[in-house]
Amino acid sequence: MLNLVGIVGNNWSGSTNRQLLQFMKTRYAAQFSLTLLETGQLPLFSQDDETHPTEAVQHFRHAIAAADGVIIATPEHNHSIPAVLKNALDWCSRVEHPLTGKKVMIVGSALGPMGTVRAQGHLRQILDSPGLAAQVLPGNEFLLSKAHDQFDAVGTLTNQATIKFLDECVTHYLAFLNA
């Protein structure tokens with residue numbers, strides 16, 4: 001069984017990205033285990049602290065390093081990724097590099113009509129930087145728009161076409177992981 005981590009790309013208590021990862025954790029439980037990592041508890045990155053990171057930073061980096069793969073769920077804030085996600089990635093780009101060579105799938109959920117298309121583009125650029133050097137699943141951009149209408153009261157995706165597309169993206173990611 002594959003052990004994956006899912007990074008929640010924002011710290012909003014009502015995050016539809018967290019809901020999306022929790023839905024994936026349940027839906028694909030027979031194919032992989034998914035442990036969610038929160039970004040909001042990490043301190044602001046500072047090179048002053050990079051050689052002596054907090055326990056939260058150490059746990060975050062260790063979980064990524066130990067995982068078989070990573071799924072990052074990002075919302076879109078002002079045409080880019082949220083600051084807490086960028087901060088988490090900065091902690092993974094200095095001293096220790098747990099994302100180097102790690103196979104990553106990007107998904108995103110947003111309240112607006114365009115989904116997370118711009119944020120995902122920026123995230124791909126960031127993950128390609130020398131300090132991170134992750135291997136990102138090409139194509140297969142799972143963009144969930146109008147997310148407040150996509151989940152029922154218990155956090156289950158309800159649109160069958162959306163679920164089918166997510167299934168296809170996950171199938172491609174699992175093939176990417178096993179290649």
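Dipole magnitude of the stretch 87-179 about its Cα centre, charges +1 at Lys/Arg Cβ and -1 at Asp/Glu Cβ only, in debye to the nearest 20?
160 debye
Can you give me the distance in nm between label points at L44 and T158, each placed 7 Å from the Cα along the Cα-to-Cβ direction?
4.1 nm
In the stretch 96-112, whose amide N lies under 11 Å from the spot 7 Å out along Cα-to-Cβ of D68? List them in ranges.
Under 11 Å, as judged by backbone N against the label point of D68, lies no residue of the stretch 96-112.
Output the antiparallel fraction of DSSP beta bridges having both residues in the stretch 32-179, as a percent to the nearest 5.
Values: 2 of 12 bridges.
If I count the DSSP bridges inside the stretch 32-179, around 15 percent turn out antiparallel.
For the chain, with only Lys/Arg (+1) and Asp/Glu (-1) charged at the beta-carbon, what is the dipole magnitude about the Cα centre, in debye rounded to 20?
On the way: 12 positive and 15 negative charges, 70 e Å.
The calculated dipole for the chain is roughly 340 debye.
Work out, in µm²/s and without decimals, the Stokes-Einstein translational diffusion coefficient of the stretch 31-175 at 4 °C, 1.567 mPa s, Rh from Kirkwood over C-alpha pairs. Let's see the in-between values first.
Working: Rh = 16.0 Å.
The calculation lands on 81 µm²/s.
Over the stretch 2-178, what is the relative contact order in percent, taking alpha-carbon pairs closer than 8 angstrom and at least six residues apart? Let's see the in-between values first.
Values: 314 pairs, mean separation 40.0, N = 177.
Once normalised by length, the contact order is 23 percent.
Suppose we keep just the alpha-carbon trace of the stretch 66-113; what are its Rg and Dmax in angstrom?
Answer for the stretch 66-113, Rg first and Dmax second: 12.2, 39 Å.
If the reach is capped at under 29 angstrom between alpha carbons, list the lysines near K86, excluding any in the same chain fewer than eight residues apart.
Partners found: K25, K102, K103, K146.
How far, in nm, would the chain grow between M1 and Q31 when pulled straight, counting 0.36 nm per residue and subtracting the alpha carbon separation?
10.1 nm
Can you return the aspartates and glutamates within cross-link range of K164? Criterion is Cα-Cα under 20 Å, with same-chain partners fewer than 8 residues away left out.
The reachable aspartates and glutamates, counting only those whose Cα sits under 20 Å from K164, are E141, D149, D152.
Provide, in order from the shortest bin, the percent of all Cα-Cα pairs of the stretch 109-154 in each 5 Å bin, continuing until the bin that contains the maximum pair distance.
Bin by bin from 0 Å, the calculated values are 5, 20, 23, 18, 15, 10, 7, 2, 0.
Any chance you could give the angle, 0 to 90 degrees and rounded to 10, that helix 117-127 forms with the longest Cα principal axis of the chain?
Around 30 degrees separate the two axes.
Throughout, read-outs are computed from the coordinates displayed, never taken from laboratory work. Just so it is clear, the model here is predicted, and its values are computed rather than measured. Cβ atoms come from the backbone with ideal geometry, glycine included; neighbour counts cover every protein chain shown.
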